[in-house]
Amino acid sequence: MDFKTALTGLYLRDPAGTLPNALWKTLAMLDGMETSTDVRGGEVVHLEARKGMGLYVYWDSNGVPPDIGGLNFVLLHERLAGALDLEEFYVERYFRLVHRGAALEEPFLPVGFSFSEVDVLAEASKVADFINLCYEDINASSSEVGSWTLSPAFDRSLWLWILEGDEPVALGIADLDRSIGEGSLEWIQVHPSYRGMGLGKAMVFELLRRLQSLAVFTTVSGELDNRTNPEALYRRCGFEGNDVWLVLRRRE
């Protein structure tokens with residue numbers, strides 16, 4: 001069993017516990033990585049993928065933590081980090097949740113608001129500007145937004161605005177990996193002046209509705225220690241799970 005096959009099998013069984021992101025993103029990074037696979041009796045025992053001084057995939061059936069000495073960057077499930085000394089690393093924590101077709105509410109928008117598909121090529125700059133407006137620490141460019149359309153999981157029907165009249169007040173972007181039936185919510189933003197109106201919830205339900213006949217499951221992740229508490233929004237929309245992933249960057 002090769003690395004890609006082993007990783008895909010684990011991911012389909014437990015997406016949120018196997019990787020911190022959609023499967024296609026990791027598979028797209030594998031070229032040039034040093035991978036190791038341990039399979040016994042048809043069962044995966046150990047997987048890891050490294051590049052340079054970074055560890056990008058680590059999975060161990062016995063819960064044995066990795067040796068992170070000499071590494072500058074590590075992606076690791078929290079369950080494997082308990083015995084590690086992380087004092088030399090900056091630690092970022094991310095939740096990872098899965099939606100498996102729980103009953104969906106009908107998306108509700110106030111009077112005067114409507115969904116509209118993004119004109120992806122013509123509105124790349126507008127999308128970048130809107131993302132930057134909603135975050136204090138992100139500076140997306142129109143070329144970066146345009147590059148997202150080149151991914152194997154791009155689906156233009158999953159790029160949506162919520163408009164008040166003709167003005168965008170919320171943005172939602174999801175991906176669809178048809179090879180395994182995975183939907184993934186990538187961006188859910190509401191204009192700062194329109195928060196607290198239920199627009200984020202409406203956007204999530206509308207994207208899930210569009211994915212319902214196409215995806216076997218849908219994943220989402222986000223910062224765990226975020227003052228806007230995005231995890232609560234996704235749980236209200238039927239996402240479940242308790243997986244937490246760590247991004248470790250060595251202190252200089």
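All of the numbers you see were taken from the coordinates with simple rules; none came from a lab. Bear in mind that the values here come from a model prediction, so they are computed numbers and not experimental data. Don't worry about glycine lacking a Cβ; one is built from the backbone with ideal geometry, like all the others, and counts go over all protein chains shown.
Please report, in debye to the nearest 20, how large the charge dipole of the chain is about its Cα centre when each Lys and Arg carries +1 at its beta carbon and each Asp and Glu carries -1 there. It would help to have the intermediate numbers written out before the result.
Numbers: 23 positive and 38 negative charges, 87 e Å.
So the magnitude is around 420 debye.
Could you compute the net charge surrounding D243? Neighbours are other residues with a C-beta less than 12 Å from the C-beta of D243; K and R count +1, D and E count -1.
On the way: positive: R79, R93, R96; negative: D14, E78, E231, E240.
Overall, the nearby charge balance is -1.
Go ahead and estimate [θ] at 222 nm for the chain from helices alone: -39,500 (n - 2.57) per DSSP H run with n ≥ 4, summed, over the residue count, rounded to 500.
Mean residue ellipticity, 222 nm, calculated: -6500 deg cm²/dmol.
What translational diffusion coefficient, in µm²/s and rounded to a whole number, does the Stokes-Einstein relation yield for the chain at 10 °C and a viscosity of 1.306 mPa s, taking the hydrodynamic radius as the Kirkwood radius over Cα pairs?
This corresponds to a translational diffusion coefficient of 82 µm²/s.
What ranking do V45, V111, V145 get, fewest neighbouring Cβ atoms within 10 angstrom at the top?
Fewest-to-most Cβ neighbours within 10 Å comes out as V111, V45, V145.
What net charge do the residues around L104 carry, taking every other residue with its C-beta under 15 Å from that of L104, with Lys and Arg at +1 and Asp and Glu at -1? Can you show the working numbers first?
Working: positive: R100, K201, R209, R210, R235, R236; negative: E105, E106, E206, E240.
Once positives and negatives cancel, what remains is +2.
Taking the Cα centre of segment 3-95 as origin and charging only Cβ (+1 Lys, Arg; -1 Asp, Glu), how large is the dipole, in debye to the nearest 20?
Its charge dipole is roughly 400 debye.
What's the lysine pair count for the chain at a Cα cut-off below 25 Å, pairs eight or more apart or interchain? Let's see the in-between values first.
On the way: K4/K25; K4/K51; K25/K51; K25/K126; K126/K201.
The result is 5.
With r as the distance between the Cβ atoms of S213 and R236 and R0 = 25 Å, compute the FRET efficiency 1/(1 + (r/R0)^6) and round to 0.05.
0.65
Tell me the net charge near S151. Cut-off is 14 Å between Cβ atoms, S151 excluded, with +1 for each Lys or Arg and -1 for each Asp or Glu. Intermediate values should be presented prior to the final figure.
Numbers: positive: K25, R156, R178; negative: E144, D155, D175, D177, E182, E186.
The answer is -3.
According to the Kirkwood expression over distinct Cα-Cα pairs, how big is the hydrodynamic radius of segment 101-215, in Å?
Radius from the Kirkwood sum: 14.5 Å.
Test of understanding: extend the Cα→C-beta vector of D85 to 7 Å, then name every residue of segment 52-68 with backbone N under 16 Å from that spot.
66-68
Just to check I understand the Karplus step: with θ = phi - 60° and J = 6.51 cos²θ - 1.76 cosθ + 1.60, what whole-Hz values come out for segment 229-243, glycine and proline as x?
6, x, 4, 4, 4, 5, 5, 5, 9, x, 6, 9, x, 9, 7
Along the positive direction of the dipole of the chain (beta-carbon charges: Lys, Arg +1; Asp, Glu -1; about the Cα centre), which of S114, G32, F217 reaches farthest?
Final value for the positive-end residue is F217.
So who's got an amide H within less than 5 Å of the one on A140, skipping anything under 5 residues away but keeping other chains? H placed 1.01 Å off N, in plane.
N132
How long is the gain from D14 to M1 if the chain were fully straight, where each residue apart is worth 0.36 nm and the alpha carbon distance is subtracted?
Full extension of this stretch gives 2.8 nm more.
Given 0.36 nm per residue, what is the gain on full extension from S114 to S157 after removing their alpha carbon distance, in nm?
Details: separation 43, 0.36 × 43 = 15.48 nm, distance 1.51 nm.
Going from the current span to full extension adds 14.0 nm.
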